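Only one structure is covered here, and it is reproduced in the block below.
The values are calculated or read from the model by the stated rules, or taken from the named source; none is laboratory data. As the structure is a computational prediction, the values presented were derived from the model and not from experiment. We place every Cβ from the backbone using ideal geometry, glycine too, and count neighbours over all the protein chains shown.
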Amino acid sequence: MLLTLLLRFVRYYTSSYRCWGNRACTCSIRSEPCGSLLNFYGGELIISKDWRVNEEIRAKEVRLISETGEQLGIVPIREALEMSLSKNQDLVEVAPSAKPPVCRFMDYGKFKFEQNKRDKEARKKQKIIAVKEVKMRPNIEDHDFQTKAKNARKFLLGGDKVKLTIMFKGRQITHPELGERLCIKLAEDLADISTVEKSPKVEGRNMTTIFVPKADIEKKEEA
């Protein structure tokens, strides 16, 4: 039973392959033009699941748009498919919820390839802002404070946010002003490159505040 299902699965995908070199080809597996579930473009395999394409379109008639954006009116789906073959283009259902669905002629493999390329470029340019944490005790020594402040400055110059956590121990929690002083002191030390996004706040036995890089610092990093 499992082997039968596997064979059906393989047959479905292989029968949906469109020979890239000849769009109007007729595969030996099928007696009709190939589908476009699996497309090859530039040696890269693209699985097209976003829109229905060619024989995947189920509507009996569609509102047709040419590859240049010209409105071609409402035509039967079989006629639209024949037109796509004559134009050496794919028929893509771009608005399936419309009545009737809207389809457009396009080179779908090339379209997906270029879309994937644009998405990759966008992800490269997208800046991921992390939140780096710096921890201190209320009774921290001045030397240790300067070391923590230096680390916070490095994080901010790198474009990340900094979360300062003051950790109280025992009865120190009854003196929150000790933590506030450290928050203010660090804010003053970092005032040239950061602003306070979240004011000091007691959370359990900790006090936290968040610093963000100034806008001009972020622009310098992008440059």
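The single condition from (1) in contact (Cβ under 8 Å) with a residue 40 or more places away in the chain; (2) among the hydrophobic types (A, V, I, L, M, F, W, C); (3) out of contact with any Cys (no Cβ under 7 Å at 6 or more places or on another chain) that LEU164 fails is (3). When residues in the stretch 152-180 are screened for being more than 35 Å from the chain's Cα centre (by Cα) and in a loop (DSSP other than H, G, I, E, B), 3 of them pass.
Every residue, every condition in (1) of a type in the set (Asp, Glu); (2) surrounded by 13 or more Cβ atoms within 10 Å (Cβ to Cβ); (3) at pLDDT 90 or above; (4) closer than 15 Å to VAL134 by Cα, yes or no:
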| residue | (1), (2), (3), (4) |
| --- | --- |
| PHE168 | no, yes, yes, yes |
| GLU177 | yes, no, yes, no |
| LEU182 | no, yes, yes, yes |
| LEU186 | no, yes, yes, yes |
| LEU190 | no, yes, yes, yes |
| VAL202 | no, yes, yes, no |
| MET207 | no, yes, yes, yes |
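Candidates THR208, THR147: the one that is in contact (Cβ under 8 Å) with a residue 24 or more places away in the chain and among the hydroxyl-bearing types (Ser, Thr, Tyr) is THR208.
Looking for something under 30 Å from ASP160 (Cβ atoms), surrounded by fewer than 15 Cβ atoms within 10 Å (Cβ to Cβ) and of a type outside the set (Val, Ile, Thr) - is there at least one such residue anywhere in the stretch 108-116?
Within the stretch 108-116 (the criterion being under 30 Å from ASP160 (Cβ atoms), surrounded by fewer than 15 Cβ atoms within 10 Å (Cβ to Cβ) and of a type outside the set (Val, Ile, Thr)), the answer is yes, since at least one residue qualifies.
Considering (1) in contact with a Leu (Cβ under 9 Å, 6 or more places away or on another chain); (2) in the same structural domain as PRO200 (by TED's automatic domain parsing), the lone condition that ILE74 does not fulfil carries the number (2). Being among the small types (Gly, Ala, Ser), under 34 Å from the mean Cα position of the chain (by Cα), part of a helix (DSSP H, G or I) and outside the structural domain of PHE211 (by TED's automatic domain parsing) is a property that holds for ALA80.
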